[in-house]
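For reference, the structure discussed in these notes is given below.
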Amino acid sequence: MPPLIITVCDPLVTPLLDTGERQSAEQTVAATVDAIVEACEAGAAITHHHGVYSYTPEQGYRVDEEATTASILGVRERTEAIVQMGGPIGGMLYTEEGQRNLDRLWKTARLDQISLVTNQMEFVNLGLHRRTDRKELKTAVSFCLEQGVQPEFEVWQVADTYNVRTVLDELGAKPPFWVELLHAGDGAAWSPATTEQTFSRVAHLPEGALWHANAYTAPKGQLSPETHTRFLTQIIALGGNVRIGKEDRPEIASGQEAKSNAELVEHIARIARQLGRTIATPDQAREMLGLS
């Protein structure tokens, strides 16, 4: 089997959302960079990050562009990991103003990848919803290709693969492509965390696509940490790649909060090695994904 690419997701569980018990998103740049680098040293080849935010009662959460830029540069100084962003940063792709902001950001702090919602996503418990039509998706993908930033396509259901294939064909994009298969997020894009569900989507991915899987425990889903581990273990055993981190799974075990993203990455990397999978280094992951 090929080396296992591990993606580590954001170290905050709900970085932008008011769930009644507001979680502060006012991270320092140093703390953000430290958390990312520690997780990469534990075995993650890709880091998925939402940026650094500040909060005021008047404006709510807002991207701190200066701090976000500093965090990207700080990560690049200390690790060769693939730098990927998503969440509201990815949401900027769908508007002209957002693209102008990204163009300015990327002139200083380049990304390797950015996540795109390819149809719809929802976390009903958190009041978060996004719907993307094919025209918006094509605009976003075209911008990424022009900028030299690889899209990561979020595929929540089988129907999403139609949008991905259609847009890539229309743009004449060349593989490899990177796809995230998401499971068990409570809301309109929910699907069961089963390998049958995973491979029903894999069968319809564009030629030349590489993929990884993730799933959600509370507050974004209903899986227990133990069920989450079993699902990712099955994916690893069947040759897939995986994503893990406190954004998807805050607990290392039921009732026991994970100390850090690094602890979660170490947990899944240890299982992978026991199954005979080697862990991809950032250089190996870059080669597999066609990133220079």
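The values are calculated or read from the model by the stated rules, or taken from the named source; none is laboratory data. Because the structure is a prediction, the values reported are computed rather than measured. When we count neighbours, we look across all protein chains shown, and the Cβ atoms used for this are built from the backbone with ideal geometry, even at glycine.
Return the pair list, or none, for Cβ contacts closer than 8 Å from residues in segment 271-292 that are of a type in the set (Asp, Glu) to residues that are surrounded by 12 or more Cβ atoms within 10 Å (Cβ to Cβ), at least 6 apart or on different chains.
283/80
Kindly provide the set of residues from segment 265-292 that are surrounded by 15 or more Cβ atoms within 10 Å (Cβ to Cβ), of a type outside the set (Gly, Ala, Ser) and in a helix (DSSP H, G or I), ordered by number. Can you show your working first?
To start, the set of residues in segment 265-292 that are surrounded by 15 or more Cβ atoms within 10 Å (Cβ to Cβ) comprises 265-269, 271-272, 277, 279-282, 284-286, 288-289, 291.
Restricting the remaining residues to those that are of a type outside the set (Gly, Ala, Ser) gives 265-268, 271, 277, 279, 281-282, 284, 286, 288-289, 291.
Scanning segment 265-292 gives 265, 266, 267, 268, 271, 282, 284, 286, 288, 289.
Considering only residues that are surrounded by 15 or more Cβ atoms within 10 Å (Cβ to Cβ), out of contact with any Gly (no Cβ under 6 Å at 6 or more places or on another chain) and in contact (Cβ under 8 Å) with a residue 60 or more places away in the chain, look in segment 123-153 and name the one that is farthest from residue 188 (Cα to Cα).
150
Out of 246, 220, 259, which single residue is in contact with a Gly (Cβ under 7 Å, 6 or more places away or on another chain) and charged (D, E, K, R)? Please lay out each step first, then the result.
Details: 246 fails: in contact with a Gly (Cβ under 7 Å, 6 or more places away or on another chain); 259 fails: in contact with a Gly (Cβ under 7 Å, 6 or more places away or on another chain).
Selected residue: 220, the only one of 246, 220, 259 that is in contact with a Gly (Cβ under 7 Å, 6 or more places away or on another chain) and charged (D, E, K, R).
List the strands (runs of 3 or more DSSP E) that sit entirely inside segment 43-155 and contain at least 1 residues that are within 16 Å of the chain's Cα centre (by Cα). Spell out the reasoning first.
Values: elements: 46-49, 53-56, 60-63, 82-85, 113-117, 120-123, 128-131, 150-155.
It comes to 46-49, 82-85, 113-117, 120-123, 128-131, 150-155.
Sort out which residues of segment 217-245 are within 18 Å of the chain's Cα centre (by Cα) and in a helix (DSSP H, G or I), and write them in order of number.
Matches in segment 217-245: 228, 229, 231, 232, 235, 236.
Taking the condition of being aliphatic (A, V, I, L, M), over 16 Å from residue 164 (Cβ atoms) and modelled with pLDDT of 95 or more, how many residues in segment 180-226 meet it?
Kept after step one, since they are aliphatic (A, V, I, L, M), are these residues of segment 180-226: 181-182, 184, 188-189, 193, 202-203, 205, 209-210, 213, 215, 218, 223.
Next cut, over 16 Å from residue 164 (Cβ atoms) only: 184, 188, 193, 215, 218, 223.
Then drop every residue that is not modelled with pLDDT of 95 or more, which leaves 184, 193, 215, 223.
Total satisfying the criteria: 4.
Which pairs turn up if I take residues in segment 198-224 that are loosely packed, with under 15 Cβ neighbours inside 10 Å and look for partners that are hydrophobic (A, V, I, L, M, F, W, C) with beta carbon separation below 7 Å, at least 6 apart in sequence or on another chain?
That search, which allows pairs on different chains as well, returns 208/177.
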